[in-house]
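Chemist: What follows is a single structure, and I will ask about it in a moment.
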Amino acid sequence: MSSTELPSVPAANVLPRVAPVRVEEGERLRSVGLPGVTLSVRSRPPAREGLPPALYVHGLGGSSQNWSALMALLDHVVDGEALDLPGFGDSPPPDDGDYSVSGHARAVIRHLDASGRGPVHLFGNSLGGAVSTRVAALRPDLVRTLTLVSPALPELRIQRSAVPTGLLGVPGVAAVFNRLTREWTAEQRVRGVMALCYGDPGRVTPEGFRNAVEEMERRLQLPYFWDAMARSARGIVNAYTLGGQHGLWRQAERVLAPTLLIYGGRDQLVGFRMAQRAARAFRDSRLVTLPDAGHVAMMEYPDTVAAAFGELLAATGELGHRTAKAVADGAAESMATGVARGVPVDATAGADAAGPEDAGGDSPGADRAIGADDAGTEG
């Protein structure tokens, strides 16, 4: 380890005690021991027995809480679980310190193999989108459908607002950032994260903001917080440089599962222009664009994401069109206030130096759901 690397963290069994993770009403949280890794798994009992299983995978700096709103809307359609990737949420670091995309994918696969729940409806956001893409390509037997919200797939032209997050992967940068921002309050960090990840941070309720601050305070007490962030960010950067059969775009082309792609027009971390390329890469895809959404559409517009997933199930024959409409109507009723819940989001803590960037020609003109053949050319 070089002198610029973050120090190693203590073993999970000697970590300091911190405040418990928030569990929404109706949710359960359990710990699952697997070879080389222990995962915290959040679940919500399905509305009835026999529903198909689903698994939700969060993004960089996020946790299973990122999926709480969507899980609640889909509990009458799927039997949902959301996991905390190693080193995030309530999951301790992996035994081997491997935070690469492949390392996270391996943890997801081990959980699915051990639980026997596959094939599942697999959801992924940001880093979780890259991880889920790799899982679907390598283990098609584990995936029924794939839903990707702003997946972190390689871009040749990175948005300026995404550069600070990528720089976290450079050895030593996270340690320097931690020292420079030592005096920042949890409130300042959360406001920065929300400004970076939400299309409109004003959609977050006061209660949601307070909950996010509490979670940020909890995470900052974890001695491995910055290590997990830095090494996972480095894992994304490394995955972007891989070519051949290990490249994420090549693996996207190998995905057999019907795929739903959701991109936000105000996303400051994943360029909207990549939506069209993704629609071409995934062989059986549907593309939904949300002009006002940022990087975490499942938190900003969970009703719209739930409705789009219902349409995917109808298209694949798993739901009748009448049931799919009921999914959409139920989601709309549940989210009638149009206000996001504001549970903790992904991306770096304390990113408030990065303000919104003018979307320019990268923004979509209107909501739409299209097939890959209709996607046109990349802008």
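The values are calculated or read from the model by the stated rules, or taken from the named source; none is laboratory data. Keep in mind that what you see is a predicted model, and the values were worked out from it rather than measured. Cβ coordinates were reconstructed from backbone atoms using ideal geometry, including for glycine residues, and neighbour counts include every protein chain displayed. For accessibility, only protein heavy atoms count, side chains too; no ligands or nucleic acids. Shrake-Rupley method; radii C 1.70, N 1.55, O 1.52, S 1.80 Å.
Chemist: Looking at the structure I just gave you, is Asp292 touching a residue at least 40 places away in the same chain (Cβ under 8 Å), of a type outside the set (A, V, I, L, M, F, W, C) and part of a loop (DSSP other than H, G, I, E, B)?
Modeler: Yes; evaluated as a whole, the condition is true for this residue.
Chemist: Let me ask another. Just a yes or no: is a residue in the stretch 150-168 open to solvent by 10 Å² or more (accessible area, probe 1.4 Å), at pLDDT 95 or above, touching a Leu at 6+ places or on another chain (Cβ under 9 Å) and not β-branched (Val, Ile, Thr)?
Modeler: No, the stretch 150-168 has no match at all.
Chemist: List pairs: first residue in the stretch 229-243 and modelled with pLDDT under 85 and part of a helix (DSSP H, G or I), second residue open to solvent by less than 10 Å² (accessible area, probe 1.4 Å) and of a type in the set (A, V, I, L, M) anywhere in the structure, Cβ distance under 9 angstrom, at least six positions apart or on different chains.
Modeler: Pairs that qualify, where the first residue is modelled with pLDDT under 85 and part of a helix (DSSP H, G or I) and the partner is open to solvent by less than 10 Å² (accessible area, probe 1.4 Å) and of a type in the set (A, V, I, L, M): there are none.
Chemist: If we keep just the residues of the stretch 3-22 that are open to solvent by 60 Å² or more (accessible area, probe 1.4 Å) and part of a loop (DSSP other than H, G, I, E, B), which is modelled with the lowest pLDDT?
Modeler: It comes out as Ser3.
Chemist: Further, regarding this structure: Within the stretch 85-93, can one find any residue that is modelled with pLDDT of 95 or more, crowded, with 19+ Cβ neighbours inside 10 Å, on the phi < 0 side of the Ramachandran plot and not in a loop (DSSP other than H, G, I, E, B)?
Modeler: Looking for residues that are modelled with pLDDT of 95 or more, crowded, with 19+ Cβ neighbours inside 10 Å, on the phi < 0 side of the Ramachandran plot and not in a loop (DSSP other than H, G, I, E, B), one finds none in the stretch 85-93, hence no.
Chemist: With the condition kept exactly as written, say whether any residue in the stretch 103-119 is outside any helix (DSSP H, G or I), touching a Pro at 6+ places or on another chain (Cβ under 7 Å) and either charged (D, E, K, R) or modelled with pLDDT of 95 or more (or both).
Modeler: So far as the stretch 103-119 goes, yes, one or more of its residues are outside any helix (DSSP H, G or I), touching a Pro at 6+ places or on another chain (Cβ under 7 Å) and either charged (D, E, K, R) or modelled with pLDDT of 95 or more (or both).
Chemist: Consider Thr304 against the criteria (1) assigned to a helix (DSSP H, G or I); (2) within 13 Å of Ala152 (Cα to Cα); (3) hydroxyl-bearing (Ser, Thr, Tyr): it satisfies all of them except one. Which criterion is unmet?
Modeler: The failed condition is (2).
Chemist: Another question, if that's okay. From (1) under 27 Å from Pro223 (Cα atoms); (2) at pLDDT 95 or above; (3) crowded, with 18+ Cβ neighbours inside 10 Å, pick out the condition that doesn't hold for Val135.
Modeler: (1)
Chemist: Right, another one. If I ask for residues that are surrounded by fewer than 24 Cβ atoms within 10 Å (Cβ to Cβ) and not small (Gly, Ala, Ser), which ones from the stretch 102-119 would you list?
Modeler: Arg106, Ile109, Arg110, His111, Leu112, Asp113, Arg117, Pro119
Chemist: From Val32, Val41, grab the single residue that is part of a strand (DSSP E or B), of a type in the set (A, V, I, L, M, F, W, C), open to solvent by 10 Å² or more (accessible area, probe 1.4 Å) and in contact (Cβ under 8 Å) with a residue 40 or more places away in the chain.
Modeler: So the residue among Val32, Val41 that is part of a strand (DSSP E or B), of a type in the set (A, V, I, L, M, F, W, C), open to solvent by 10 Å² or more (accessible area, probe 1.4 Å) and in contact (Cβ under 8 Å) with a residue 40 or more places away in the chain is Val32.
Yes/no per residue for (1) surrounded by 19 or more Cβ atoms within 10 Å (Cβ to Cβ); (2) closer than 27 Å to Ala195 by Cβ; (3) among the aromatic types (Phe, Trp, Tyr):
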residue	(1), (2), (3)
Asp227	yes, yes, no
Asn238	no, no, no
Leu242	no, no, no
Gln245	no, no, no
Thr259	yes, no, no
Arg266	yes, yes, no
Leu269	yes, yes, no
Ser285	yes, no, no
Ala293	yes, yes, no
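Chemist: Let me ask another. Out of the residues in the stretch 247-257 that are farther than 24 Å from Pro302 by Cα and out of contact with any Phe, Trp or Tyr (no Cβ under 8 Å at 6 or more places or on another chain), state the one that is surrounded by the most Cβ atoms within 10 Å (Cβ to Cβ).
Modeler: Top of the filtered list is Gln251.
Chemist: Let me ask something else. Starting from the stretch 96-116, keep only residues that are closer than 20 Å to Ala228 by Cβ and of a type in the set (D, E, K, R), then list their pairs with residues that are assigned to a helix (DSSP H, G or I) and at pLDDT 95 or above whose Cβ atoms are within a distance under 8 Å, requiring at least 6 positions of separation or different chains.
Modeler: Listed pairs, sorted by first residue: Asp96/Gly103; Asp98/Arg106.
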